[in-house]
Amino acid sequence: MNKKDLGAFYTPQHIVEYMLGLLSDLNERATLLEPCGGDGAFISVVSGKKLLKPNQITVWDINPEIKNYIEKFGVTFNLKDSLLETTFKEVDLFNKIKKFTHVVGNPPYLNKQSSYIK
């Protein structure tokens, strides 16, 4: 899948840095969800700055082609459409094993030309 087909526009580095700077309480009990993993911009900064351990991070994305890249960070990757799937099972977000304390991301900007939206 390419960016046009997905309607994806990736977040610039300075925006990633700014958004992550707004997060508080990133500690050993925190768990982070990135529901639109894309090119891994958020996860690469979180990992690079060692803000969290890999086992504290989960990434969702609709593109199976990024799975191997994202998993190189040691995080959990799930193939999931978090934009068009409007209901999530309780187990996805709030189960006792993996409750997310933080959600960060910049959803793709979809347009009429995207085959994903069509």
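The values are calculated or read from the model by the stated rules, or taken from the named source; none is laboratory data. All values reported here derive from a predicted model rather than from experimental measurement. For neighbour counting, all protein chains shown are included, and Cβ atoms are generated from backbone atoms with ideal geometry for every residue, glycine included.
Answer yes if at least one residue in the stretch 70-79 is in a loop (DSSP other than H, G, I, E, B), modelled with pLDDT under 90, of a type in the set (Gly, Ala, Ser) and surrounded by fewer than 15 Cβ atoms within 10 Å (Cβ to Cβ), and no otherwise.
Among the residues of the stretch 70-79, not one is in a loop (DSSP other than H, G, I, E, B), modelled with pLDDT under 90, of a type in the set (Gly, Ala, Ser) and surrounded by fewer than 15 Cβ atoms within 10 Å (Cβ to Cβ), which makes the answer no.
Can you pull out the residues in the stretch 7-28 that are farther than 14 Å from Val45 by Cα, modelled with pLDDT of 90 or more and surrounded by 11 or more Cβ atoms within 10 Å (Cβ to Cβ)?
none
Scan the stretch 31-45 and tell me whether some residue there is of a type in the set (A, V, I, L, M, F, W, C), at pLDDT 90 or above, under 18 Å from Asn106 (Cβ atoms) and not in a helix (DSSP H, G or I).
yes
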